[in-house]
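Asks: The structure is given below, and queries will be raised subsequently.
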Amino acid sequence: MPRLFVSVDLPDRLADAFAAVQDHLRDVESLRFTDPERAHCTLKFLGDTDGVRVGDVVEALEAAVDATDVSPFDVEVGGLGVFPSTDYISVVWTGVRDGYGAAELGRLAEAVERETVALGFDEADHGFTPHFTLARMDDARGKGRVLEYLDEDPTVGWFEAGDVRLTESTLTDDGPEYETRERVSL
């Protein structure tokens, strides 16, 4: 069964800028960095999905995009944050600046959530925060260094979001590999 998620992907042209933000934390041993060329903003994680349901999922994504009436929009990626909290860090991320794509991504995520839950997928167990994962933290070593960096306000850059993607994730020993199964244009 394919493992699927719905996303808006960071364009390849911003991979170097994304990596430059990661470089400030390269000395933190407990971080596992994401591949800048695979950076994306997850709108909805679907998980293991029966292959025969992919067509229904694509129809749900088309309905979600239509319901939001969102056309291509500019996104500014920057700033820093962590999940779930500064007390216990499991993910370090760069976000989407308010007023520069965050609202549109939120509307898309809400519509995708509604349409996929109607298909029987699990409801999200947390609110939506538009972000691109920089790294995952395995343990508390280096937590202080991460907290210091949160005071910085780096900018990755701008891009135009023009589609929502249904992506298949295959877990490998070298990390996840992603393949876009479908694109739904805005």
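Asks: Just name the residue that is farthest from S7 (Cα to Cα) out of those in the stretch 164-186 that are surrounded by 14 or more Cβ atoms within 10 Å (Cβ to Cβ) and of a type in the set (A, V, I, L, M).
Replies: Applying the filter and picking the extreme gives L186.
Asks: Restricting to the stretch 140-182, what's the tally of residues that are under 21 Å from R32 (Cα atoms), among the aliphatic types (A, V, I, L, M) and assigned to a strand (DSSP E or B)?
Replies: Looking only at that region, the number is 2.
Asks: Among G127, G157, G95, which is without any contact (Cβ under 8 Å) to a residue 40 or more places away in the chain and under 20 Å from D16 (Cα atoms)?
Replies: Working: G127 fails: under 20 Å from D16 (Cα atoms); G157 fails: without any contact (Cβ under 8 Å) to a residue 40 or more places away in the chain.
Just a single option satisfies the conditions, and that option is G95.
Asks: Among residues belonging to the stretch 1-23 that are at pLDDT below 95 and not aliphatic (A, V, I, L, M), point out the one that is farthest from W158 (Cα to Cα).
Replies: If we filter the stretch 1-23 for residues that are at pLDDT below 95, which is where we start, we get 1-3.
Next cut, not aliphatic (A, V, I, L, M) only: 2-3.
Numbers: P2: 31, R3: 29 Å.
This residue is P2.
Asks: Only one of (1) out of contact with any Phe, Trp or Tyr (no Cβ under 6 Å at 6 or more places or on another chain); (2) closer than 27 Å to K143 by Cα fails for V91. Which number is that?
Replies: Just one mismatch for V91, condition (1).
A quick yes/no check of all residues on (1) surrounded by 14 or more Cβ atoms within 10 Å (Cβ to Cβ); (2) under 21 Å from L31 (Cα atoms):
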site: G78; (1), (2): yes, yes
site: V92; (1), (2): yes, yes
site: R97; (1), (2): yes, no
site: G101; (1), (2): yes, no
site: L108; (1), (2): yes, no
site: E123; (1), (2): no, no
site: G127; (1), (2): no, no
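Asks: Here are some conditions: (1) among the basic types (K, R); (2) farther than 22 Å from V156 by Cα; (3) over 13 Å from the mean Cα position of the chain (by Cα). K44 meets all but one. Which one does it not meet?
Replies: (3)
Asks: Give the stretch 23-50 a look and list any residue that's more than 22 Å from R97 (Cα to Cα), of a type in the set (A, V, I, L, M, F, W, C) and crowded, with 19+ Cβ neighbours inside 10 Å, or say none.
Replies: L31, L46
The values are calculated or read from the model by the stated rules, or taken from the named source; none is laboratory data. Just so you know, these numbers come straight off a predicted model, no measurement behind them. When we count neighbours, we look across all protein chains shown, and the Cβ atoms used for this are built from the backbone with ideal geometry, even at glycine.
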